[in-house]
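Laboratory data are not the source of any read-out in this text; all were calculated from the coordinates shown. For clarity, every value in this text was computed on a predicted model and none was experimentally measured. With ideal geometry, Cβ positions are generated from the backbone for all residues, glycine too; neighbour counts draw on all protein chains shown.
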């Protein structure tokens with residue numbers, strides 16, 4: 001068993017197999033590195049099989065391109081998400097109790113908040129949720145109490161906070177003031193295909 005000098009990102013291991021079960025020896029296989037140069041072959045292995053009749057198995061230690069990461073949600077595993085929607089709030093005055101609609105969500109879609117970084121001119125906290133018009137009557141996430149102009153930089157929300165299908169994303173504050181920052185997440189098809 002020997003190691004082929006691939007590029008660091010393309011390391012592979014060669015394992016000699018000798019003759020195939022049907023007695024036919026494999027043809028020589030030529031390997032190339034990332035620059036197109038021919039990779040060297042050993043002239044013989046410990047079992048005296050020469051390189052021209054050496055069938056090989058190449059085991060690459062990179063994960064397959066289609067590999068997905070999964071997180072445990074307390075009930076089952078869900079694939080990891082990456083943001084595809086960034087909702088920018090630029091010095092918008094939000095009146096406490098009235099709120100701001102950050103994203104209108106179609107009936108067969110839903111939003112999954114993966115994080116945010118917001119600041120408000122007034123001391124208070126941020127409230128995320130949904131309800132009629134831009135108000136938040138159902139709270140899904142509430143940030144900590146901040147001093148005036150404090151920055152709320154959300155912790156890592158792993159697989160996020162999910163809005164029910166068809167429910168728009170609303171942001172409210174506990175104290176009226178100008179709000180600036182970004183909320184990010186995924187805008188995705190609801191598994192139920194309609195309102196949850």
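The label-point distance for residue 91 and residue 75, in a model that sets each label 7 Å from Cα toward Cβ, rounds to 4.4 nm. From least to most packed, judged by other beta carbons within 10 angstrom and beginning with the fewest, 151, 94, 127 follow the order 151, 127, 94. When you restrict to C-alpha pairs under 8 Å that are six or more residues apart and normalise by the size of the stretch 81-153, the relative contact order lands at 30 percent. Normalised by the number of residues in the stretch 109-191, the mean separation of alpha-carbon contacts (under 8 Å, six or more apart) gives a relative contact order of 50 percent. Each residue, residue 141 and residue 180, gets one label point 7 Å from its Cα in the Cβ direction; the gap between the two is 2.2 nm. Diffusion of the stretch 91-196 by Stokes-Einstein, at 37 °C in a medium of 0.692 mPa s and with Rh set to the Kirkwood radius over alpha-carbon pairs, works out to 239 µm²/s.
Work out, step by step, the length gained on full extension between residue 133 and residue 98: first 0.36 nm times the residue separation, then minus their alpha carbon distance; give nm to one decimal.
11.7 nm
Tell me, what is the FRET efficiency for residue 187 and residue 152 to the nearest 0.05, using R0 = 35 angstrom and their Cβ-Cβ distance as r? Efficiency for this residue pair is about 0.95.
Between the stretch 138-196 and the stretch 107-131, how far is it from one alpha carbon centroid to the other, in angstrom? Cα centroid to Cα centroid, the span is 2 Å.
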